[in-house]
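Some notes on the structure that comes next.
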Amino acid sequence: MFLTVIGALNEGFLQTLKLFAVTLIGAIPLGLVVSFGSMSSFLPLRWLTKTVVWIIRGTPLMLQLIIIFYIPGYVLPGGSPWPSGEGGRFLASAVAFIINYACYFSEIYRGGIQGVPVGQQEAGQVLGMTKSQIFFHVTLLQMVKRIVPPMSNEIITLVKDTSIARIISMQEIIWAGYAFLKGSHGYSGLLWPLFFTGVYYLVFNGALTLLFGWVEKKLAYFR
Amino acid sequence: MAILDVQNIEKHFGATRVLEDISFSLEQGQALAIIGSSGSGKTTLLRCLNFLETPNQGRILVNGETLFDAADPATQREAEVRKKRLHFGLVFQSFNLFPQYTALENVTLAPRLLAQERPDFKQNKKTILEQIQAEGQELLQKMGLSDRAGHFPCQLSGGQQQRVAIARALALKPDILCFDEPTSALDPELTGEVLKVIRALAEQKTTMIIVTHEMAFARDVADQVIFMDGGVIVEQGPARQVIECPREERTRQFLSRYSEN
């Protein structure tokens, strides 16, 4: 029994990790684009970006998942754009998570960029650097250093938030654990597999915490 | 011909007039000190020269070439402004070194980025970068910092940081080097080492504009002195004359506060 449960939980956790990784890969760069939008001197773009961020941060991720997964099927003439089965559910989840987390990241980036003293940018300007040279050679690393603590918060939350994808039946680890309660693999009424999923989260987040501590130390050589 | 010619510069922030009808010129190899109380517009003037602020009126000419003309938007295009800035160097009151780079990297970063725009960069990449590196080392040595080249700004004293900042500005070989109260963030002990470096630059006939509160230094090092008050130039002339026997009552008042202590 134990091995059956562990096998099923492992499979679920693999899906959890996949969603986690894909969300980071998408949201980390997308968040930067959104943060530039929210700092743009072109007002319509700034207000559009701020409105999107307001809506995404102001509504539950669970609701966004449901909307992204189900609504296109009703309104698009060709029916749902998502492939059928787990692949489609994963894709829809990934899209919802990337958009949601990009909005949160964008605000952290904005804080990080605006927290770099304006004198840094001016020093770059008087040295004849272009705007993009200033961003990549002067601002970026100082911003990264500033955002490590808030980003580690968000990223650890993301690990646990992946369980929300269960609302559209994406088969992540909570889904896998819950299955033993409802009946699966010939067992039903088993409660401990659901609780045992907590160990997976805890161990993985422990590893992430160590990683962020290491990154912070690596960046401690400058102030 | 004057290397720098500033004509009728005006700058206001909203309704506040920060600079009014500022005109002066500077000869090659001369040092100009700008003195005056806080809020008199000295820093804004330097920032206008370095294109960190856009004047509302007036013209700025370097070597007879019009770099800026408030009446001519063609002189204010972003891409060209970037190149024009290179006529000027600016040393900030708060140093503004890049904290993530070593002293040497701070000095060589901008020259390395600029070198990438040279047509022969790809061909001679190695020689060009080696030369920039060597020049950076030499500048730090001039500043008395050759043993600090590999240190990060947070490992340096304020005086050392400011000397790195001076080397960084010199690395681009500006026509005119500007100092914005270079010693105001330093304690008296560290002030001396920075002033010594600036004095040496003056002896080598570096064209400079120095905004400072160090009156004795301005008198000894500068050729010309401008006294500003309330956004206007109250008095300008040879350094010794302005500081030792000012003609204007307002200048006398200002200077008397320095001789009291």
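A short reminder: the numbers here are calculations on the coordinates, not readings from a lab. Everything numeric here is computed off the predicted structure, so don't read it as measured data. FYI the Cβ positions are ideal-geometry reconstructions off the backbone, even for glycines, and counts take in every protein chain you see.
Some observations on this one:
- Dipole check for chain B: with +1 at the C-beta of Lys and Arg, -1 at the C-beta of Asp and Glu, and the Cα centre as origin, the magnitude is about 660 Debye.
- Which of B:G158, B:A171, B:S184, positive extreme of dipole for the stretch B:110-209 (C-beta unit charges): B:A171
- Distance histogram for the stretch B:144-241 (every C-alpha pair counted, 5 angstrom bins, percent rounded to whole numbers): 2, 11, 22, 23, 19, 13, 5, 3, 2, 0
- Within the stretch A:2-221, the proportion of Cα pairs with more than 22 Å between them is 60 percent.
- Amide N proximity, the stretch B:153-190 versus B:A134 label position 7 Å along Cα-to-Cβ, cut-off under 18 Å: B:171-173
- The protein assembly as shown - charge dipole about Cα centre, Lys and Arg +1 at Cβ, Asp and Glu -1, debye rounded to 20: 1440
- Compactness of the stretch B:199-261 was expressed as the Cα radius of gyration divided by 2.2 N^0.38 Å, which yields 1.11.
- Note on A:T4 and B:F121: the model spin-label points, each 7 Å out from Cα along the C-beta direction, lie 6.6 nm apart.
- Calculated FRET efficiency, B:Q204 to B:M1, Cβ-Cβ distance, R0 = 25 Å: about 0.70 to the nearest 0.05.
- Computed [θ] at 222 nm, helices only, for chain A once each DSSP H run of length n ≥ 4 contributes -39500 (n - 2.57): -26000 deg cm²/dmol
- Radius, Kirkwood style, for chain B when every pair of distinct Cα atoms is counted (Å): 19.2
- In degrees, nearest ten, helix B:103-115 long axis to first principal axis of chain B (Cα): 80
- Whether the stretch B:23-173 is rounded, prolate or oblate, judged on the alpha carbon gyration tensor where a/c under 1.5 counts as rounded: oblate
- Using a cut-off of 22 Å between Cα atoms, the listed pairs A:K50/B:K11; A:K217/B:K125; B:K142/B:K196; B:K84/B:K173; A:K18/A:K218 include A:K50/B:K11; A:K217/B:K125; A:K18/A:K218 as exceeding that distance.
- Per-residue Cβ neighbour rank within 10 angstrom, fewest leading, A:Y101, B:Y258: B:Y258, A:Y101
- Membrane-span-like helices of chain A, defined as complete DSSP H segments with a Cα extent of 18 Å or more along the helix axis and a mean Kyte hydropathy of at least 0.5, are identified as A:2-38, A:43-58, A:61-75, A:192-218.
- Considering only A:Y200, A:N10, B:Q28, the residue lying farthest towards the positive end of the dipole of the protein assembly as shown is A:N10, judged by Cα position with unit charges set on Cβ.
- Residue mean of other protein chain beta carbons inside 10 Å, B:40-48: 0
- The Cα atoms of the protein assembly as shown define a convex hull whose projected area, averaged across directions, is 31.8 nm².
- In this rough spin-label picture, where each label sits 7 Å from Cα along the Cβ direction, the A:V199-A:L48 distance is 5.1 nm.
- Residue (of A:Y101, B:I132, B:L52) at the positive-pole extreme of the protein assembly as shown, dipole from beta-carbon charges: A:Y101
- Spin-label proximity, B:E20 to the stretch B:233-257 - amide N less than 17 Å from point 7 Å beyond Cα toward beta carbon: B:233-236, B:249-251
- Inter-site label distance for A:I71 and B:A79 at 7 Å from Cα along Cβ, in nm: 4.2
- FRET efficiency for the pair B:R250 and B:H12, taken as 1/(1 + (r/R0)^6) with r the Cβ-Cβ distance and R0 = 30 Å, rounds to 0.90.
- For chain B, relative contact order (Cα pairs under 8 Å, six or more residues apart, normalised by length) works out to 26 percent.
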